[in-house]
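Structure first, then comments.
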């Protein structure tokens, strides 16, 4: 066992001991988020962007728009493509090179939350059926990892698409010049992540809590208490009642998060 593994084992034991007594390492309540900072338009030259910081976790989301061929099963609908880069300087765990499973999972969870919420009116992104549609390219860059990437990345992504403007399109060419036309976004999906440690469940896990968790669940919602996606992680399990209670808490916390957008 490496010295790093030993360190995380000791940390996990400490976190379990704290949680068992109803405490968290940073003295938060079980249903309390760390401080959140959201900066729309973080990348001035992008068509849409945002920086989100939850605690010390930081994610930048950038949006670009290109014209491409629609999928055969949706010939008159635009396309969303989400990619993620885990910048090595953000964590010793991240390495340069092709996307690894954590990056792929993060991109898929964020993409699913936006797609399944029907936040973007893709039918309005059709230029010519079967021939040309707008493709929304959402790129995530993790700048600092201190736990709870799902919620941080989703807040950054939703904020980014909300402030995205369309580029000019003339004579079959995309012109890198912003217009006043906004990307057709009609909903604001957010995600709430909970971890279970022992018999306690807490929202917005820190890195240490993420490492110590037995199970994790992330719920994506839109306004009006509508659940649109979910993701389970960890080897442990939630009881049916725990999931019901956690979903109820999701609707409460998601209202708080949505006020930041």
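The values are calculated or read from the model by the stated rules, or taken from the named source; none is laboratory data. Note that the structure is predicted; figures quoted are calculated from it, not measured. Here the Cβ is made from the backbone with ideal geometry for all residues, glycine too, and neighbour counts use every protein chain on show.
Being touching a helix residue (DSSP H, G or I) at 6+ places or on another chain (Cβ under 8 Å) and modelled with pLDDT of 95 or more holds for only one residue in 55, 41, 62, and it is 62.
Restricting attention to segment 1-38, the residues being at pLDDT 90 or above, part of a loop (DSSP other than H, G, I, E, B) and closer than 26 Å to residue 214 by Cβ number 14.
Tell me, which strands (runs of 3 or more DSSP E) lie completely within segment 158-261 with 3 or more residues that are in contact with a helix residue (DSSP H, G or I) (Cβ under 7 Å, 6 or more places away or on another chain) and touching a residue at least 12 places away in the same chain (Cβ under 8 Å)?
Details: elements: 165-170, 173-182, 190-197, 200-203, 215-222, 226-233.
Correct list: 190-197, 200-203, 215-222, 226-233.
Among the conditions (1) modelled with pLDDT under 95; (2) surrounded by fewer than 16 Cβ atoms within 10 Å (Cβ to Cβ), the only one that residue 94 does not satisfy is (2).
Here is a check on your reading of the model: is residue 107 under 26 Å from residue 41 (Cβ atoms), outside any strand (DSSP E or B), within 19 Å of the chain's Cα centre (by Cα) and at pLDDT below 95?
On the way: under 26 Å from residue 41 (Cβ atoms): yes; outside any strand (DSSP E or B): yes; within 19 Å of the chain's Cα centre (by Cα): yes; at pLDDT below 95: no.
No: the conditions fail for residue 107.
If the condition is being out of contact with any strand residue (DSSP E or B) (no Cβ under 7 Å at 6 or more places or on another chain) and closer than 30 Å to residue 118 by Cα, then segment 207-229 contributes 223, 224, 225, 226. Looking at (1) closer than 23 Å to residue 28 by Cα; (2) at pLDDT 95 or above; (3) surrounded by fewer than 19 Cβ atoms within 10 Å (Cβ to Cβ), can you tell me which one residue 165 breaks? Exception for residue 165: condition (1).
Evaluating residue 119 against the criteria (1) crowded, with 22+ Cβ neighbours inside 10 Å; (2) out of contact with any helix residue (DSSP H, G or I) (no Cβ under 6 Å at 6 or more places or on another chain); (3) over 15 Å from residue 187 (Cβ atoms) leaves one unmet condition, (3).
If you scan segment 215-232, which residues turn out to be at pLDDT 95 or above and crowded, with 16+ Cβ neighbours inside 10 Å?
Step one: of segment 215-232, the residues at pLDDT 95 or above are 215-221, 227-232.
Within segment 215-232, 215, 216, 217, 218, 219, 220, 221, 228, 229, 230, 231 qualify.
On the basis of being on the phi > 0 side of the Ramachandran plot and touching a residue at least 24 places away in the same chain (Cβ under 8 Å), does residue 41 make the cut? Before you say what the answer is, go through the steps one by one.
On the way: on the phi > 0 side of the Ramachandran plot: yes; touching a residue at least 24 places away in the same chain (Cβ under 8 Å): yes.
Spelling it out, residue 41 is indeed on the phi > 0 side of the Ramachandran plot and touching a residue at least 24 places away in the same chain (Cβ under 8 Å).
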